[in-house]
Amino acid sequence: MDSNTDIEDLKREFIFTLRRKFPRDSSSSIAIMTVNLIRKIIFRENPRTMADLQRSLTSHCKRLHASERSELIIINIGLMISKLARDEVLQKRGGREPEPLYSLWRDDDETMERLKNADMKKIRKDLQASIKELSTEIESSRECIASQSTELLFNNDIVMVHSLATSKTMHSFLTHAVKSGRKHRVIDVVDEEEHLETAPDFVTPIELFEVASRMPETSKVVLVAAAYFPDGSCLVPAGGHQIALLAKRHCVPVYVLAPFYKLCPFFMTDPASLHSFRSNTLPFDMSANSAGHVDCLHPAFDALQSDLVTLFVSNTSCIIPSHVNRLKEDYYHSQDIADF
Amino acid sequence: MSGNPNITEKKHPADKIKETFEKLKEELKTLGMILGVNNDSTTQPPASSTHSKESTKPDDKNPYHKDVTADDKKARKAAKAAEKKARAEKSVANKAAAAAGSTQQPQKKPEQAGKNQEKPKQEPKQVVPDSTAKLIEENRQLTKTTEQLAAQMESLVVVEETKTNGDLKSAIKKTTGVEKNVRHVHNVIMPSAVTFDLPKNQVKIVASDSDEGVASEIESTAISQLDDATCLAHIHPAFLTLLAQSELEKIPDVETVCIKFIKAFKEFLRDWTAEREKNQTEASSFGHDLDLAIRPQLAHLTQNGHWPLPFALGNTVRLLKRTIKRVDDQTNAECGETLQNYLEDTLSINFSSAYKAISQLLVRKIRQFKKVVVFDWCPVVNHVLLDAREQIEDMQLTVIDANSSGRGTRHVKSFVDRGYNVKYVTMKGASWASRDGAVLILGCSAIFANGAVAAQKGALASVLTANHYNIPVIVVAEHFKFIDKGQVYQRVALLGRQNIEFIQSDLVTAVVTDLRILGPTSAPAVLKAKALTDMA
């Protein structure tokens, strides 16, 4: 059918865009791309009932995620949109709000029936509107997080950050603090020698192996999350685990910048599946001998346990790790998670 | 003049410098004649031949320097500075003619370079009756030449350090014979010649032209403290080589430093004993004299105490000094022999036998843990790993490296050369390596009395990740690495001036020495056993 091939084309193009970009686009742009893609899919598919909508969303999201395993954002966005749809239905119906405290995992049968047969036509416009709201929220999340920097970073702080070059959120977080007149020093942990020269002016770049000797003089550590989970653990770029362990040893608070669309409602049982192992880091002149003998690991992420993180800085507020489970209720519907 | 005190100080110890200075003057005079001499040289009386040379030199240099425009500007700057000084001194000279004569004398002295003092006395007698304008002119020229000569002197000193006595003439010929080289010499002299501490980058210009890169490193350390420059003549070349190699970061770890130091010391001892035999000195004072002789060598290595020796090397040196003091033989030759034997023994005990003992102890443990993780390079660890891999077929090795293409690649290379498999990970993946591994083996630079381990940068992070995943951390240390001090926060010499990280004893599971495997807090026991105490 026309719409089907259209949808397939859209999805393929989306995946290719993701794969083509190296280095990886910022997460917020990927999130916005996903939102647009899903909006187009819904528009083309034109589901009649709520149940149809949910089914199509889950199937598309699963397939997209399967082709790009390290991007958890895709599933997140899909589930968020599904929740938005449910909310719209409930609003239209004027039904009672499902109270998570008093109901168990599943809604009662009556609500489910109603939802299944809900007519999409009536709520489509509102759904489109709320999807647009979602994308504006994603866009504004960076500024919201940056504005919280004034509450977290004080004068005469020595802040250690990681991956300043690759994260625009981190960059805006720090520049906001600098602009509002805070006088603090920033130590940036960089990956390679090249980044050492291109660091911005207010930043001192150091390499990962020097972190231990600089940690005693650091007063705060700021990391950026790739994803965070309901138990309070998170995925950070590789190298973050050591920084967090050293910070814990020296009793330095660790703040993790985590916009809402990175909140994954599922626990990750096997983070190894997320990795994109890339370049061989051995020197070139060894490559002749070492072919077939040397296995170079170049992991993309490190998993931080929740006790290593002091605060997650989200676009709404700062939350402690144990609160993440409650926060996910705001964005995801428990039914969706259960059915996934 | 700013140059004068420096120059007068250098006079004293270095007569050779005076000779070379004379030679330089001769050469420059001939150069001046080649380039076209002006009238001043002919009008001066022959008695003050030096004075004529000096006055021709600025004139020679002026047309010469028009070719070299950058140098010309700098020459002008120097000349202006000299002019200001000349004006100041002119006012003094105008007030008292006698005072003028005496002020000119100290100016002359450095240029005379220890020649008979009659010539300077003649010059003021000539100059004083002249008009003040000529006086100013003379002053200006003389101050310029003073500065030039002083700077030349420094460049000569620089050249001299790098060669032994015999090569000095060739060095001078190099710097003055070929025009190109002379130009380079002038490059060093002219810029900011008013101030006499040559910036380091200029020193390297000289070196890169005539000498190899190794020499340039030595010069940079010497020029930074001008007073020591002439003392380098007494430093044995073996130690100079050692210092140069370490500056170039060719020495990757403490063991190599120790081995090289012992070898350098053996060379020094051989030469010193031979010289002693030639001088027919008493054998009874052998130990005492050797002790005195070794002090300036060590002082140079540590830059007069600014950079203390690496901890383990400090131990070795102290033991060596103890043995030297106890030496008591009939003849010089026998004393030398005893010490040579002692050094040989040290080499074998501390290095080859120690490695074997440690690997014997450790391979037994590795048998239980199949997966081994190591951090950065250490020759002892490498030895242990190779032994273990031969004996244990299914051992898997992961190497964590501080930065990409760092020293950890040596481990990889040694394994790959034998056809074994190995995993390689940079610091980013340290957490993953620890998650997979079963034991972390570390080398170290030193172990302190409280059990703290001094290791390379990045070791602490690896140890913390290992602790997080609950895998044991084993540190390998020969007995001479134990130090009777608490934790010290210092930089060390001779290792590329790297900083060291300290790992607290509670993070380390065990220390393997060539005596036995111990817990880290048992360090004082090793100190006592090997009589390394009271060494602070």
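The values are calculated or read from the model by the stated rules, or taken from the named source; none is laboratory data. Because the structure is a prediction, the values reported are computed rather than measured. FYI the Cβ positions are ideal-geometry reconstructions off the backbone, even for glycines, and counts take in every protein chain you see.
All but one of (1) farther than 30 Å from residue B:404 by Cβ; (2) surrounded by 15 or more Cβ atoms within 10 Å (Cβ to Cβ) hold for residue B:331; which doesn't?
(2)
Give just the number: which of (1) in contact (Cβ under 8 Å) with a residue 40 or more places away in the chain; (2) of a type in the set (Ser, Thr, Tyr); (3) under 21 Å from residue A:237 (Cβ atoms) does residue A:29 not satisfy?
Of (1) in contact (Cβ under 8 Å) with a residue 40 or more places away in the chain; (2) of a type in the set (Ser, Thr, Tyr); (3) under 21 Å from residue A:237 (Cβ atoms), only one is false for residue A:29: (1).
Scan segment B:253-266 and tell me whether some residue there is β-branched (Val, Ile, Thr), surrounded by 21 or more Cβ atoms within 10 Å (Cβ to Cβ) and out of contact with any Leu (no Cβ under 6 Å at 6 or more places or on another chain).
yes
Looking only at residues that are farther than 16 Å from residue B:474 by Cα and in contact with a Ser or Thr (Cβ under 8 Å, 6 or more places away or on another chain) in segment B:378-401, which one is surrounded by the most Cβ atoms within 10 Å (Cβ to Cβ)?
Taking segment B:378-401 first, the residues farther than 16 Å from residue B:474 by Cα are B:386-387, B:389-396, B:401.
Of the ones still in play, those that are also in contact with a Ser or Thr (Cβ under 8 Å, 6 or more places away or on another chain) are B:386-387, B:401.
Numbers: B:386: 16, B:387: 18, B:401: 27.
Once the filter is applied, the top-ranked residue is B:401.
Restricted to segment A:147-187, and to residues that are aliphatic (A, V, I, L, M) and in a strand (DSSP E or B), which residue is farthest from residue A:208 (Cα to Cα)?
A:158
The rows are residues; the columns are (1) buried (at least 19 other Cβ atoms within 10 Å of the Cβ); (2) at pLDDT 80 or above.
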residue	(1), (2)
B:269	yes, yes
B:278	no, yes
B:291	no, yes
B:306	no, no
B:315	yes, yes
B:342	no, yes
B:355	yes, yes
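Within segment B:369-398, count every residue that is of a type outside the set (D, E, K, R), without any contact (Cβ under 8 Å) to a residue 60 or more places away in the chain and not in a helix (DSSP H, G or I).
Of the residues in that region, 5 qualify.
Confirm whether residue A:299 is under 17 Å from residue A:73 (Cα atoms) and at pLDDT 70 or above.
no
When segment B:506-515 is examined, which residues are found to be at pLDDT below 90 and small (Gly, Ala, Ser)?
Across segment B:506-515, there are no qualifying residues.
Just the residues that are more than 7 Å from chain A (Cβ to nearest Cβ) and touching a His at 6+ places or on another chain (Cβ under 8 Å), please, taken from segment B:397-418.
B:397, B:399, B:415
Pairs please, first residue from segment A:279-303 and more than 9 Å from chain B (Cβ to nearest Cβ) and part of a helix (DSSP H, G or I), second anywhere and at pLDDT below 65 and surrounded by 15 or more Cβ atoms within 10 Å (Cβ to Cβ), Cβ atoms under 9 Å, 6+ apart in sequence or on different chains.
Matching pairs, first to second residue: A:287/A:280.
Show me the strands (runs of 3 or more DSSP E) entirely contained within segment A:203-242 in which 1 or more residues are touching a residue at least 40 places away in the same chain (Cβ under 8 Å) and buried (at least 24 other Cβ atoms within 10 Å of the Cβ). Walk me through it before giving the result.
Working: elements: A:203-207, A:220-224, A:234-237.
By residue number, A:220-224, A:234-237.
Would you call residue B:433 buried (at least 24 other Cβ atoms within 10 Å of the Cβ), more than 13 Å from chain A (Cβ to nearest Cβ) and more than 18 Å from residue B:363 (Cα to Cα)?
When the stated conditions are applied, residue B:433 does not pass them.
Would you confirm whether or not segment A:282-293 contains a residue that is crowded, with 20+ Cβ neighbours inside 10 Å, at pLDDT 80 or above and assigned by TED's automatic domain parsing to the domain that holds residue A:151?
For segment A:282-293, residues crowded, with 20+ Cβ neighbours inside 10 Å, at pLDDT 80 or above and assigned by TED's automatic domain parsing to the domain that holds residue A:151: absent.
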